[in-house]
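Student: Sharing a structure, written as structure tokens. Questions coming.
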Amino acid sequence: GHIKGDILIDLSISSMIHHLYSACELFKHIIVLKVNDRCIMELKRWVDTRTGAFDWGHVSQLYADKEGNSDDVQYKEGKVRSALQHVVKFDPEKENMTEPIDLPPADCIISGWLLEVISQDKEDYVRYLRKFSKLLKPGGHLILFGSLGATYFKIHKEKFHFLTCDEEFVRGVLVGEGFKIDHCNIFKRTVISDLADHKYVIFIAAHKGK
């Protein structure tokens with residue numbers, strides 16, 4: 001709850017938004033960056049309540065129930081849509097990843113499973129994280145969640161690359177890039193599935209040195 005502010009930038013895989021339901025309570029403006037045009041289209045379709053948009057109603061209901069307001073599903077969805085003001089394409093290879101758009105510095109960045117997917121090796125991981133960190137204000141917060149010990153994930157029957165990382169590596173990269181780790185949780189995999197081969201899920205909250 002101590003992480004809050006005006007601007008949150010989300011750099012996460014696919015068009016998932018479930019983590020933004022909590023974020024909209026803590027940040028006034030949410031900017032979502034995506035590398036994929038399809039993800040941008042799907043997310044904008046949901047934000048604009050267009051026909052054919054993915055139904056995130058189950059997530060809205062979960063959060064409404066958790067807060068003891070089971071009838072406030074539409075209110076919750078409206079709050080997320082209101083906070084989620086911009087969905088922007090970015091290219092991690094560019095110096096200004098959102099060129100020609102210049103983003104305001106963020107109070108917080110959330111990144112879920114993206115670094116492991118776009119990085120072909122650990123050098124890429126370090127390089128991309130360094131670029132992500134440039135989007136933060138001095139003293140800004142970074143929240144990372146991802147998978148450890150994975151080599152692939154599947155969408156339908158197609159298998160995709162996933163960079164293999166361990167806790168020591170992720171911690172080392174953050175510290176090396178000037179972050180102080182505030183919190184780290186590791187969760188052992190409990191569900192067996194051939195959709196991914198990870199061993200653990202990691203959650204890290206850190207802040208950038210001023």
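Student: Considering the stretch 35-52 alone, what residues qualify as being exposed (fewer than 15 other Cβ atoms within 10 Å of the Cβ) and either within 18 Å of Leu144 (Cα to Cα) or modelled with pLDDT under 90 (or both)?
Tutor: Asp48, Thr49, Arg50, Thr51, Gly52
Student: Scan the stretch 12-55 residue by residue and report those that are small (Gly, Ala, Ser), without any contact (Cβ under 8 Å) to a residue 24 or more places away in the chain and either under 17 Å from Ser82 (Cα atoms) or touching a Ser or Thr at 6+ places or on another chain (Cβ under 6 Å) (or both).
Tutor: Passing the criteria: only Ala53.
Student: Continuing with the same structure: Return only the number of the condition from (1) more than 21 Å from Ser15 (Cβ to Cβ); (2) in contact with a Phe, Trp or Tyr (Cβ under 9 Å, 6 or more places away or on another chain); (3) touching a residue at least 40 places away in the same chain (Cβ under 8 Å) that Ile110 does not satisfy.
Tutor: (1)
Student: Taking the conditions exactly as written (free of Cβ contacts under 8 Å to residues at least 40 places away in the same chain, assigned to a helix (DSSP H, G or I) and buried (at least 17 other Cβ atoms within 10 Å of the Cβ)), does Val170 satisfy them or not? Working first, answer last.
Tutor: Details: free of Cβ contacts under 8 Å to residues at least 40 places away in the same chain: yes; assigned to a helix (DSSP H, G or I): yes; buried (at least 17 other Cβ atoms within 10 Å of the Cβ): yes.
Yes; evaluated as a whole, the condition is true for this residue.
Student: Sticking with this one: Just for the stretch 73-97: of the residues that are among the β-branched types (Val, Ile, Thr) and surrounded by fewer than 20 Cβ atoms within 10 Å (Cβ to Cβ), which one is nearest to Leu8 (Cα to Cα)?
Tutor: Only one residue tops the list, namely Val88.
Student: May I pose another question? Of everything in the stretch 178-204, what is under 17 Å from Glu116 (Cα atoms) and either in contact (Cβ under 8 Å) with a residue 60 or more places away in the chain or within 19 Å of the chain's Cα centre (by Cα) (or both)? Give them in sequence order.
Tutor: Ile186, Ala196, His198, Tyr200, Val201, Ile202, Phe203, Ile204, listed by residue number.
Student: Okay, next question. Out of Val32, Val126, Val59, report the one residue that is modelled with pLDDT under 95 and β-branched (Val, Ile, Thr).
Tutor: The conditions single out Val59.
Student: Do you know which residues across the stretch 98-116 are among the charged types (D, E, K, R) and surrounded by fewer than 17 Cβ atoms within 10 Å (Cβ to Cβ)?
Tutor: Glu99, Asp102
Student: Among the residues of the stretch 105-123, is any part of a loop (DSSP other than H, G, I, E, B) and more than 21 Å from Asp197 (Cβ to Cβ)? Outline the logic, then answer.
Tutor: Taking the stretch 105-123 first, the residues part of a loop (DSSP other than H, G, I, E, B) are 105, 113, 119-121.
So of that shortlist, the ones also more than 21 Å from Asp197 (Cβ to Cβ) come out as 105.
Yes, there is a match, as at least one residue in the stretch 105-123 is part of a loop (DSSP other than H, G, I, E, B) and more than 21 Å from Asp197 (Cβ to Cβ).
Student: Go through the stretch 174-199 and give me each residue that's buried (at least 17 other Cβ atoms within 10 Å of the Cβ) and assigned to a strand (DSSP E or B).
Tutor: The answer is Phe179, Ala196.
Student: Taking the condition of being assigned to a loop (DSSP other than H, G, I, E, B) and buried (at least 16 other Cβ atoms within 10 Å of the Cβ), how many residues in the stretch 126-145 meet it?
Tutor: The qualifying residues number 1.
Student: Another question, if that's okay. Inspect all residues belonging to the stretch 151-158 and state whether any of them is surrounded by fewer than 13 Cβ atoms within 10 Å (Cβ to Cβ), on the phi < 0 side of the Ramachandran plot and among the basic types (Lys, Arg).
Tutor: For the stretch 151-158, residues surrounded by fewer than 13 Cβ atoms within 10 Å (Cβ to Cβ), on the phi < 0 side of the Ramachandran plot and among the basic types (Lys, Arg): present.
The values are calculated or read from the model by the stated rules, or taken from the named source; none is laboratory data. Everything numeric here is computed off the predicted structure, so don't read it as measured data. Please note: Cβ atoms are built from the backbone with ideal geometry, for glycine as well, and neighbour counts cover all protein chains shown.
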